[in-house]
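Enquirer: For reference, the structure I am asking about is given below.
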Amino acid sequence: MALKFNCVNCNDIVITKLSIGDEYKCKNCLNVRIVPMGAETIDESELDLQQKEDLKREEQFAQTEDEKNQTLSKKYSVLKFVKPLFAFLGVTYTFGLMSLIGHLSELPGAGFNIIALCFISYSGLIFFMYCIVSMIDFLFELDKHNSEKKN
Ligand SMILES: [Zn+2]
């Protein structure tokens, strides 16, 4: 279903998918006005090709505007799972390493080297996860600032 009315400003015929009370932009006079109460509901099958084309373009435009307005936080909301996942991994690694060291210390010879290697990898991994979490926090914070400024 679409709405058909005469432009409030120039009287040209306007066809739109907007609702009464929404702002429309007239493609004849380029003014932005409110869709009037008297707008008539018409079926899309009654439209000619050009009008159908115009409607499609209007819809596509509305979609890109929506995408633009979507904040990055919403777009990348999957990143919110990174923190709990890393917390889980961190705890698992810590316990895993502790039990591993218990076993390794009983090994003769190479035991110490392996323990040292485990510690280095462990510290590196924890630091890496910490950096990723900080970066994500920073980006979300930045996006929050930006969207607050916009509104
Ligand atoms: Zn107009």
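Just so you know, all these numbers are worked out from the coordinates, no wet-lab data involved. Keep in mind that what you see is a predicted model, and the values were worked out from it rather than measured. For neighbour counting, all protein chains shown are included, and Cβ atoms are generated from backbone atoms with ideal geometry for every residue, glycine included.
Enquirer: For a quick check: sort C26, C10 by the number of other beta carbons within 10 angstrom, fewest at the front.
Expert: Listing C26, C10 from fewest to most nearby Cβ atoms yields C10, C26.
Enquirer: Moving on. Report, ordered by chain and residue number, the lysines lying within cross-link reach of K83, taken as a straight Cα distance under 20 Å and ignoring same-chain residues fewer than 8 apart.
Expert: Within the straight-line limit of under 20 Å, K83 reaches these lysines: K74, K75, K144.
Enquirer: On to the next question. Exposure proxy check: E58, E65 ranked by fewest other beta carbons within 10 Å?
Expert: If I rank by nearby Cβ atoms, fewest first, I get E65, E58.
Enquirer: Let me ask you something else. Can you work out the Karplus-derived ³J(HN,Hα) for every residue in the range 139-145? Use 6.51 cos²θ - 1.76 cosθ + 1.60 with θ = phi - 60°, whole Hz, and x for glycine or proline.
Expert: 5, 5, 4, 4, 5, 4, 4
Enquirer: Shifting gears a bit: Kindly list the residues of the range 97-118 that lie in the label zone of I126, defined by a backbone N under 17 Å from the point 7 Å along the Cα-to-C-beta vector.
Expert: What the label zone holds, given the 17 Å backbone N cut-off, is 97-102, 115-118.
Enquirer: In addition: With 10 angstrom as the radius, rank M135, M98 by how many other C-beta atoms surround their C-beta, starting from the fewest.
Expert: By the 10 Å Cβ count, ascending: M98, M135.
Enquirer: If Lys and Arg each add +1 and Asp and Glu each add -1, what is the summed charge of the other residues whose beta carbon sits under 12 Å from the beta carbon of Q63?
Expert: Numbers: positive: K17, K56, R57, K68; negative: E58, E59, E65, D66, E67.
So the environment of Q63 carries a net charge of -1.
Enquirer: What is the sum of charges around A39, taking Lys and Arg as +1, Asp and Glu as -1, for the other residues whose C-beta is under 12 Å from the C-beta of A39?
Expert: Local net charge: +1.
Enquirer: Angle between the Cα long axis of helix 82-104 and the longest principal axis of the chain, 0 to 90 degrees, nearest 10?
Expert: 10 degrees
Enquirer: Using only the alpha-carbon atoms, what does the range 1-72 span along each of its principal axes? Please give whole angstrom values in decreasing order.
Expert: 40, 26, 20
Enquirer: A follow-up question, please. Provide, as a two-decimal number, the C-alpha radius of gyration of the chain over 2.2 N^0.38 Å, N being how many residues it has.
Expert: Cα-based Rg divided by the globular estimate yields 2.03.
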